[in-house]
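A.B. asks: One structure is given below, represented as structure tokens, and several questions about it will come after.
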Amino acid sequence: MSNKFRLSTGGQINRTERISFKFNGKIFFGFKGDTLASALLANGVHLVGRSFKYHRPRGIFSSGAEETNALVQIINGKNKNDPNLRATQIEIFEGFNAESQNCWPTVNFDLGAINNLFSPIIPAGFYYKTFMWPANLWGKYEHFIRRAAGLGKSPTENDPDIYDHKYYHCDVLIVGAGPAGLSAANVAIKAGKKVLLVDERHHFGGDLSFAEEEITKINDLKPLDWIKKTYSELQNNKNIMILNRTSVAAYHNYNYLIMMQNLSDHLSEKEKKGKIRQRLWKVRAKKVILATGSIERPMVFDCNDRPGIMLSSAVRKYINYYGVKCGNNVVIFTNNDDAYETAISLHNRGVKIQAIVDIREQSNGTLPKKCNELGIKILWKNTIVYTEGYKKINKVHVMRLSNDNSSIIGNKLKIKCDLLCVSGGYTPAVHLFTQSGGKLIYNEEKYYFHPKSTSLNQISVGSCNGIFNLKKIIEETQTKTNEFLNLNHNEQLNITESKSGDFENIWLLPSDKVSGKTKPFVDYQNDTTANDIKLALREGYKSIEHVKRYTTTGMATDQGKIGNMHALGIVSKITNTKMGELGTTTFRPPYSPLTFGAIVGRNVKQFFDIVRKTPIHTWHEKHGAKFEDVGQWKRAWYYPNKNESMYEAVQRESKAARNDSGILDASTLGKIDIQGTDASEFLNRVYTNAWSKLAIGKCRYGLMLNDDGMVYDDGVTTRLGENHYIMTTTTGGAASVMNKLEDFLQTEWPELKVYLTSVTDHFATVSVCGPHSKKILEKVVKNVDFSDQNFPHMSFKEGLVDNIKCRVMRISFTGELSYEINIQSNYGQATWKKCMDAGKEFKITPYGTEAMHLLRAEKGFIIAGQETDGTITPIDLQMDWIISKKKYDFIGKRSLYRSDTMRENRKHLVGLLTDDPKEILEEGAQIVEEVKNKPPMDMLGHVTSSYYSPNLNKSIALAVIKNGKKLKGKKLFVPMPDKTIEVTVSDSVFLDKEGNRLNA
Amino acid sequence: MFIIKCPYCGDRDHSEFSYGGEAHIVRPKQPTELSDDQWAEYLFMRKNIKGLQYERWNHAHGCRRWFNMGRDTSNDKIHSVYKMGEKPEK
Amino acid sequence: MKNKYSIFSLIKNSFSFHENWQRAWRDPKPKPSYDVVIIGGGGHGLATAYYLAKEHSLKNIAVVEKGWIGGGNTGRNTTIIRSNYLWDASAGLYDHALKIWENLSQELNYNVMFSQRGVMNLAHNLHDVRELKRRTHANRLNGIDCEWLTTKQVKEFCPIINCSANIRYPVMGSTLQRRAGTARHDAVAWGYARGADSMGVDIIQNCEVKGIKRKGDSVEGLETTQGFIKTSKIGVAASGHSSIIANMAGLKLPIESKPLQALVSEPIKPIINTVVMSNAVHAYVSQSDKGELVIGAGTDSYVSYTQKGTHEIVEGTLNAILELYPIFSRLRMLRQWGGVVDICPDASPIISKTSIKGLYFNCGWGTGGFKATPGSGHLFAHTIAKDEPHALNAAFNINRFVSGNLVDEHGAAAVAH
């Protein structure tokens, strides 16, 4: 198709670079610099989409981020087929391909349009009133509603693109590079400030970039020439960074702003290769200057939504900036002078203006005067009451307004046209301002909200501050910026512009029909009409938030940028409430939709979360270990031999650890170095048991509680010297225990002289157990006398592995004779290998966490977080022995003496044996005393740990059971979905209760 | 997204800090002498003020020191920071 | 009596261009006195008033709301409804609510769009597996539907979840409660408001409570921005602002109010037909009937009433979302917002009398109050009307913080050895 709506000259497109692209399967061409919207319009395509609810044909409406109609789906495989992109923002490239969405089979013939016929019975909120019968059919109704709703389709394969993050600090962030933003930047850089200037569009200059050059001049320069000159001067300054295609999404307090820079969406597939798609900027600015501009409003009248009805400023942009005329026979509908500039631009480029319909009585501005001179017909005090044309506007109906604007009078005039430009005045873009906590004030004469106050670190300048006259914008921006930055730099500019500010407003224009028969759209995408708003108010949905939620106005993908003011205006009028008292709905971030990928940046796949590996990790990998995630750690879970199942491997490892020797990587356990003259007293306060009498060189197990009395963590602490201890914690609890101890030390007990250092990563821990462990240690560690007499259970020695110092603790979590070598991390793997070599003759077997859990369960040792869950006290664990009766206080002590914690029939830790020793209980299974035919059944507690013990040749389990202490020997039941398992309560220590094996 | 002025390190981003709840709740020196009600008051009951609240923060990804802060919870404006053991500015 | 909503009433009203619909609720000024005043016009407060009027035959009831009804956490949550809680007390409470949900649209003659599309809770490590299986077994024996899905079954039930074994925290299984799902949050407030109003309850909006008047140990009334209202019974259902009301009466609560954020994507055609929650990687997602992905983020750690949280929380949530659903990477966040949630130390609510006669609190729902709305209102109404708790909310008394008999629903907090 040809560019028959493209002017032969003019515009900022690069006419030497022709680009072919596809839309809805047809091939078109445009030029480098075109947006999809401008290229389609150049080809005479207006109909690009269908509305959400009624599936009415919709065309391109605007020229920017506020677009609500022209949303398209990119066609690019299954992994880059973006939905809901705005044709007005997409910059086309060779090979670009997109299609209309929310229509079937095509945008031209959409079966969903049948909804339009039903529109009389589906007003706002209809779904709250129906689909309730029969009750069980809602799921079916919903299925069809969901299919009809939604807009584009999600990609179904993984995104191949890369996203990036950047942190940035600057003196001044200027948002928006229109005339105000450029002027502010000009001032700021003169003072040597570090400035960041950003604009969401690909070009600079804002709306000034498509101003009619015949009307506007700055220092005798055409608008675009002034913009280019200003931009190039700025760009040459090393203190400023200028970013285009960068949209500020959110303005958080303390001048923290989130923005998204689009880096390669506008490039061809070939040029995109290897490039980052989008970058999320996190900016901390000392000062922020908002120059976010304003958004033109439509007019609300019957059938104001047809393709070919466009914002006047957008039409001006298409003709002046892209060299595209959006129609040949144009009607302009306005309430202000700005639309006359569009008329002049169109007229000057040979487009026929059929009429300007102006709701005002008159205007003293020079532009209307000029239009008069040009012979353009102006219908003052008239309004459009209806438009014709299903897929493209072809006629408007015009009638005269009554004196008070409340109704229409006289005869209907029908004007043929193929384009209707609407201009309802401008709304300052105050979104970012309000996000930052700023309050708005309503200007009753000018019909808009604008910033009420400026803060120390933020100002609004230009049209977002309610200033629309170019001369005023630039002068005021200079003055305000100087004040704001404590500067004195003014540049006199000679500005010619001839727009007057006269403006009259009617939120909902009167009609010749009963309102029920009209469709005056307020939110185009969501198909909300003024009638829907009236209905909501009639039904008592009075708050503006209720109106929004009931009618869904302002909730479409433009988030009300186009229609919100009219929705408010209509509510204000009907409820007779002043706009200022009504308030706005909250402007929620982001200003423009923000790609999930950009928010996440590089933190995907392997970078989703840190992986912590022990110094011995690569050895485990090499030897076929399977790993378990424990917090961020990867722990060796088990080491299957060829063809071995997990069960078989764990059985083998567990047997070996008891019969010969086993070796475990315990490096992940938390380690806290505790020093200071009050270290013993400190331990007395944080553990339940007493520490003062622990001899130097001895180890002791401790339980740590929360102040609510519940078990929090456990581990062995060793006294290394008079004032020096090393505490171990659980793997998962290491960081939080450290935090808690520091907290108490700094805030509750500052008088204690104690110093804590987390040394988890500084030491590797190799644990060797089994009857042969002593012999292995003797081969590996020098300078230690391993005799039981010299080195008994629960004690510690310093030794050497080769010439490297190490600490050896004789402690046991398996119940076997067992030693832990703690050595500087980087010697961890070498030490491990030495133990493997030394242990060869004793069939040393590496075992993982699963076997470790099994072994300790045989001994009835708890795992904090498995036997406990934040509701278990030491007494519940039947560990009364660990609570010192002599100590005055320790963390959690007081809570143990409350009525509920002293209750006799609390849940207690017990052992469980299945009647069938081969039957292994499922961890988490619930236990009952009496099995009923059907639920509910009274549950006594649950299985916390369960294994098949290869050393006892039977299934064993630990459980917490109500009143468990008194139930030993009692038969209970574990009802599973398919069967009931009979169990007997037993002691929780299944093996070697006397502890003989510790000295094997 | 506050900027918090750590009394030891100066202005730092909020993400470096962790919150520690209402300040100036002193752990009783003799818990055993408290009634269950008094102990529950210490353990669980909070003013949860909307307005100027004195609260504890820890410069967890910095100097790891605890300190106090006065912050208006209705708008997240920080009024003051002061060291542990010090009294808030009135 | 209100006119009944149905497809027939919609057709009938279309002939008069919908200009004859009645108000869904009146807009009354407060009377000088009421038998009961409920503070807070969210789902919980309105439901309480509804059941007080319906089941306890109280005639003179008001709900006072400082803003607009449903404007707090009712209108800000991610609408997930489930009852697969661990402890008997919680399971009883939330399943009571779920049973009411199942017929709520018909009961209220207002379509709350309760969609029983199932809720999954994913397990990502052995600890999760153990705890979620424990919950599954407990649910089953409590008569609450709950299934355990293997990783393969997870993939079949919700194919877009990344079930690869090579991701950072692979999916190791999931619970599934099929009766669980979502509902239309605003409709719940509006439906209860319409129902309560039709039984004579005065719903008074823009009426902020400024003080609670006590006489000795009893309440006498409340000061509001619309004047003094006399009453001998006050039920507080003010969620994040509960402590402020409590302070007015000279009470302290075991509650902290923290920011909780949520966000939606732009609307897309149906892509996920259930609700998926993952505690280990902190992400939950469903898709609204309109097509938006509804994504819940976590709470910030500090107290704040600003209804704003930090960007880092949102970023962390989306990290997790893209880990589990990498296909969503190119979708775009349309809107994000925050609420103020009232969190109890044991992550369970309070529905309770207080030490002050005639003052009742319904609070502490934290991040999960929406699902309980009908049950909470029903039980709170009982507690207020009878001046004693219903068996189902007895465990949720405020005294548990003194006795230590908490209902700890954090799940096991610590991680294994």
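The values are calculated or read from the model by the stated rules, or taken from the named source; none is laboratory data. What you are looking at is a predicted structure, and each value in this text was computed from that prediction instead of being measured. Cβ atoms come from the backbone with ideal geometry, glycine included; neighbour counts cover every protein chain shown. Ligands, DNA and RNA are excluded from the accessible area calculation, which covers all protein heavy atoms including side chains. Shrake-Rupley method; radii C 1.70, N 1.55, O 1.52, S 1.80 Å.
A.B. asks: So which chymotrypsin sites (Phe, Trp or Tyr not before Pro) in the range A:73-159 pass both tests, a DSSP loop state and at most 15 other Cβ atoms within 10 Å of the Cβ?
C.D. replies: Those satisfying the criteria are A:Phe109.
A.B. asks: Where does each of C:272-279, A:618-625, C:388-395 land if you order them by average Cβ count within 10 Å, highest first?
C.D. replies: Averaged packing, sorted descending, gives the order C:272-279, C:388-395, A:618-625.
A.B. asks: Just give the residues from the range C:1-27 buried by at least 50 square angstrom of accessible area in the all-chains context relative to the isolated chain, probe 1.4 Å, and say none if nothing qualifies.
C.D. replies: Residues meeting the cut-off: C:Tyr5, C:Leu10, C:Phe17, C:His18, C:Glu19, C:Trp21, C:Arg23.
A.B. asks: Would you mind getting the accessible area per residue of chain A, heavy atoms of the protein chains only, 1.4 Å probe, in Å²?
C.D. replies: Per-residue value: 37 Å².
A.B. asks: Among A:Leu940, A:Leu440, A:Gln525, pick out the residue whose Cα is farthest towards the positive end of the charge dipole of the protein assembly as shown, where Lys and Arg carry +1 and Asp and Glu carry -1 on C-beta, about the Cα centre.
C.D. replies: A:Gln525
A.B. asks: Normalised by the residues of the range A:870-963, what does the relative contact order come to in percent, with Cα pairs under 8 Å and at least six apart? Can you show the working numbers first?
C.D. replies: On the way: 140 pairs, mean separation 27.1, N = 94.
Worked out over the range A:870-963, it gives 29 percent.
A.B. asks: Here's another thing I want to ask about it. Per residue of C:334-342, how many C-beta atoms from partner chains lie within 10 Å of its own C-beta, taken as a mean? Working shown, then result.
C.D. replies: Values: counts 11, 9, 7, 3, 1, 0, 2, 0, 1.
Mean shielding by partner chains, rounded to a whole number: 4.
A.B. asks: Using a 1.4 Å probe and ignoring any ligands, DNA or RNA, find the accessible area of C:Leu251 and quote it in Å² to the nearest 10.
C.D. replies: The accessible area comes out at roughly 30 Å².
A.B. asks: Using a simple charge model, +1 on the beta-carbon of Lys and Arg, -1 on the beta-carbon of Asp and Glu, nothing else, what dipole does the protein assembly as shown show about its Cα centre, in debye to the nearest 20?
C.D. replies: Result for the protein assembly as shown is approximately 2000 debye, rounded to the nearest 20.
A.B. asks: Further question on the same structure: Tally Lys and Arg at +1 and Asp and Glu at -1 over the other residues with C-beta under 9 Å from the C-beta of A:Asn84: what net charge comes out?
C.D. replies: 0
A.B. asks: How do A:767-780, A:58-71, A:594-607 rank on mean C-beta neighbours within 10 Å, highest first?
C.D. replies: Ranking, from highest mean packing down: A:58-71, A:767-780, A:594-607.
A.B. asks: Here's a follow-up. With Kirkwood's inverse mean 1/r over C-alpha pairs for Rh, give me the Rg to Rh ratio of the range B:3-83, two decimals please. Can you show the working numbers first?
C.D. replies: Details: Rg = 14.5 Å, Rh = 13.8 Å.
Reported Rg/Rh, Kirkwood definition of Rh: 1.05.
A.B. asks: Pop out the carbon and sulfur fraction of the accessible area of the protein assembly as shown as a percent, whole number, probe 1.4 Å.
C.D. replies: Result for the protein assembly as shown: 51 percent of the exposed heavy-atom area is carbon or sulfur.
A.B. asks: Taking a ≥ b ≥ c as the square roots of the eigenvalues of the Cα gyration tensor of the range A:833-909, is the shape rounded (a/c under 1.5), prolate (a/b larger than b/c) or oblate?
C.D. replies: prolate
A.B. asks: To continue, here is another question. Roughly speaking, what is the centre-to-centre gap between the range A:403-461 and the range A:222-276 when only Cα atoms are used, to the nearest Å?
C.D. replies: 28 Å
A.B. asks: For chain A, what is the calculated [θ] at 222 nm in deg cm²/dmol (nearest 500), taking -39500 (n - 2.57) for each run of four or more DSSP H residues and dividing by its residue count? Walk me through the numbers on the way to the answer.
C.D. replies: Working: 24 runs with 212 residues, N = 1000.
Result for chain A: -6000 deg cm²/dmol, rounded to the nearest 500.
A.B. asks: Check each residue of the range A:926-975 and keep those whose accessible area, probe 1.4 Å, is at least 50 Å² smaller with all protein chains in place than in the chain alone; give them in order of residue number.
C.D. replies: The answer is A:Gln926, A:Met939 - residues whose exposure falls by at least 50 Å² when every protein chain is included.
A.B. asks: Cross-link candidates for C:Lys353: which lysines have Cα within less than 18 Å, leaving aside residues fewer than 8 places away along the same chain?
C.D. replies: Correct list for C:Lys353: C:Lys213, C:Lys215, C:Lys233, C:Lys252, C:Lys386.
A.B. asks: If you take the charge dipole of chain A about its Cα centre, with +1 on Lys and Arg Cβ and -1 on Asp and Glu Cβ, which of A:Ile189, A:Ile696, A:Leu958 is farthest toward its positive end?
C.D. replies: With unit charges placed on the Cβ atoms, the residue in question is A:Ile189.
A.B. asks: Return one whole number: the accessible area per residue of the range B:3-83 in Å², for a 1.4 Å probe.
C.D. replies: With the other protein chains kept in place, the range B:3-83 gives 44 Å² per residue.
A.B. asks: For the range A:409-532, what mean projected area does the convex hull of the alpha carbons give, in nm²?
C.D. replies: Mean shadow area of the hull around the Cα atoms is 12.0 nm².
A.B. asks: OK, next. Which entries in A:Lys561/C:Lys269; A:Lys282/C:Lys155; A:Lys885/A:Lys966 show an alpha-carbon gap greater than 27 Å?
C.D. replies: Long pairs (Cα-Cα over 27 Å): A:Lys282/C:Lys155.
A.B. asks: With a ≥ b ≥ c the root eigenvalues of the C-alpha gyration tensor of the range A:862-999, is it rounded (a/c under 1.5), prolate (a/b larger than b/c) or oblate?
C.D. replies: Note, shape of the range A:862-999 comes out oblate.
A.B. asks: Just want to confirm a number: the relative contact order over the range B:3-83, from Cα pairs under 8 angstrom separated by 6+ residues, in percent.
C.D. replies: 31 percent
A.B. asks: If you don't mind, there's one more thing I want to ask. So in chain A, what percent of DSSP beta bridges are antiparallel if you round to the nearest 5?
C.D. replies: 75 percent
A.B. asks: Calculate the mean, over all residues of peptide C:298-309, of how many other protein chain Cβ atoms lie within 10 angstrom of the residue's Cβ.
C.D. replies: Mean shielding by partner chains, rounded to a whole number: 6.
A.B. asks: Counting Lys +1, Arg +1, Asp -1, Glu -1, what net charge surrounds A:Ser363 among other residues with beta carbon under 13 Å of its beta carbon?
C.D. replies: Numbers: positive: A:Arg360, A:Lys369, A:Lys370, A:Lys381, A:Lys499; negative: A:Asp337, A:Asp338, A:Glu341, A:Asp358, A:Glu361, A:Asp502, A:Glu504.
Counting the neighbours of A:Ser363, the net charge comes to -2.
A.B. asks: Could you work out the mean count of beta carbons from other protein chains within 10 Å of each residue's beta carbon in A:601-612?
C.D. replies: 4
A.B. asks: Take the Cα gyration tensor of the range A:670-842, multiply each eigenvalue by 5, square-root it, and list the three semi-axes largest first, rounded to whole angstrom. Write out the running numbers ahead of the final one.
C.D. replies: Numbers: eigenvalues 179, 48, 46 Å².
Working from the Cα gyration tensor, I get semi-axes of 30, 16, 15 Å.
A.B. asks: Nearest 100 Å², what total accessible surface is buried between chain A and chain C (probe 1.4 Å)?
C.D. replies: For A against C, buried area totals roughly 10300 Å².
A.B. asks: Related question: Using just the Cα positions, wrap the protein assembly as shown in a convex hull and report its mean projected area in square nanometres, one decimal place.
C.D. replies: 56.2 nm²
A.B. asks: Can you tell me the mean projection area, over all orientations, of the convex hull of the range A:206-324's alpha carbons? Units nm², please.
C.D. replies: Spelled out: convex hull of the Cα atoms, projected over all directions, averaged, 11.8 nm².
A.B. asks: Arrange the residues C:Val119, A:Val514, C:Val129 by how much accessible surface each exposes, largest first, with a 1.4 angstrom probe.
C.D. replies: Values: C:Val119 0, A:Val514 85, C:Val129 25 Å².
Largest accessible area first, the residues go A:Val514, C:Val129, C:Val119.
A.B. asks: Would you work out the relative contact order for the range A:670-842, in percent, from Cα pairs under 8 angstrom that are 6 or more residues apart?
C.D. replies: So the answer I get is 22 percent.
A.B. asks: Shifting gears a bit: Hey, rough spin-label estimate for A:Ser20 and A:Leu137, points 7 angstrom out along Cα→Cβ, what's it come to in nanometres?
C.D. replies: The modelled label-to-label distance comes out at 5.2 nm.
A.B. asks: Then there is this: Using a probe radius of 1.4 Å on protein heavy atoms only, what is the accessible area buried between chains B and C, both sides summed, to the nearest 100 Å²?
C.D. replies: Buried area between the two chains comes out at roughly 2000 Å².
A.B. asks: The range A:718-812: percent of C-alpha pairs farther apart than 24 Å?
C.D. replies: Cα-Cα pairs in the range A:718-812 separated by more than 24 Å: 35 percent.
A.B. asks: Give me the angle, in degrees from 0 to 90, between the Cα long axis of helix C:43-55 and the longest principal axis of the Cα atoms of chain C, rounded to the nearest 10.
C.D. replies: Taking the Cα atoms of chain C, the angle to C:43-55 is about 60 degrees.
A.B. asks: Right, next: Local charge sum around A:Val766 (other residues, Cβ-Cβ under 11 Å, Lys/Arg +1, Asp/Glu -1)?
C.D. replies: Residues close to A:Val766 contribute a combined charge of 0.
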